[in-house]
Amino acid sequence: MPKRRQLRAFDLKQIYGFASLIGVDEAGRGALAGPVVAAAVVVNQNFLEGRWAIGRAGRVNDSKLLTPADRAELFAEFEALAAAGQIHAHHGTADVAEIESLNILGATKLAMRRALEGICPPSAFASKTEPDLFASAEEVASFSPTISAHIVVDGLRLRNFPYPHTPLVNGDGRSLCIAMASIVAKVTRDRLMRELDAKYPGYGFAAHNGYGTEEHRNAVRRLGRCPQHRELFLRKLLATRVDPAQMDFLAG
């Protein structure tokens, strides 16, 4: 069986014992400019055993391994699936100011938390005791059962994260719902970078999406940084390539 088709089989194992499976991934963590974007995609057993997953999911892969055209086509299909109620997806972002304040790991966790909060609050996963026969009317009215969902996140375990989760290294190449989340995050972020390209012309954000290409590095040397550049990232990348006497422009 081709590797891509194993993604669905993997998720069928991960969802066992749960009502749904939620895959989480991010895009833009290693970029020099722009926000970090995370996405969460919810699937259930019926979806994983349904027509689309059986017939079409073989085209899903880690977003970095797909062409822009493939990602756009799949993203449109995800939108149609969401409109039909077969999946649910949400994205969250952390901007450059938050990256500078929290560092990239903290900002990535923030974006992932925001993506998940668009689906359900952390409290939905808390252990709750069902009210007994002698509970007050207020206790009965306020009771809501714990959500039955298994969250799988691409990468290492997230410490001090409000959602219980299973970390999966290279998860976007192992899990269908994580791979779907990677596509949602990537397409969403690329669209944001095209908007920033119009706002900050000359850097080529629409072409390289804020990553450290030679074109991007040359533009920064020529124009200086803009408000969407991550100052610490630029300093680390360019410190050995630029005369230290000329580094002041990066802080402007």
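The values are calculated or read from the model by the stated rules, or taken from the named source; none is laboratory data. Bear in mind the structure is a predicted one, so any value in this text is a computation, not a measurement. Heads up, the Cβs are rebuilt from the backbone with ideal geometry, glycines too, and the neighbour counts pull from every protein chain shown.
Observations, loosely collected:
- Within the range 6-96, strands (runs of 3 or more DSSP E) holding 3 or more residues that are modelled with pLDDT of 95 or more and closer than 16 Å to Ser175 by Cβ: 20-27, 36-44
- Taking each residue of the range 161-180 that is within 20 Å of Phe18 (Cα to Cα) and looking for partners that are among the basic types (Lys, Arg) and part of a loop (DSSP other than H, G, I, E, B) with beta-carbon atoms closer than 8 Å, six or more apart or interchain, yields His165/Arg157; Pro167/Arg157; Leu168/Arg174.
- Residue satisfying all of: in the range 187-237; surrounded by fewer than 18 Cβ atoms within 10 Å (Cβ to Cβ) and among the acidic types (Asp, Glu); modelled with the highest pLDDT among these: Glu195
- Residue in the range 125-148 that is modelled with pLDDT of 90 or more and either not aromatic (Phe, Trp, Tyr) or not in a loop (DSSP other than H, G, I, E, B) (or both) present: yes
- Selection status of Ile15, β-branched (Val, Ile, Thr), closer than 27 Å to Ile147 by Cα and over 19 Å from the mean Cα position of the chain (by Cα): yes
- The single condition among (1) under 30 Å from Arg221 (Cβ atoms); (2) of a type in the set (Lys, Arg); (3) out of contact with any strand residue (DSSP E or B) (no Cβ under 8 Å at 6 or more places or on another chain) that Arg71 does not satisfy is (1).
- Considering residues of the range 27-56 that are among the small types (Gly, Ala, Ser) and farther than 28 Å from Ala206 by Cα only, the residue surrounded by the fewest Cβ atoms within 10 Å (Cβ to Cβ): Gly55
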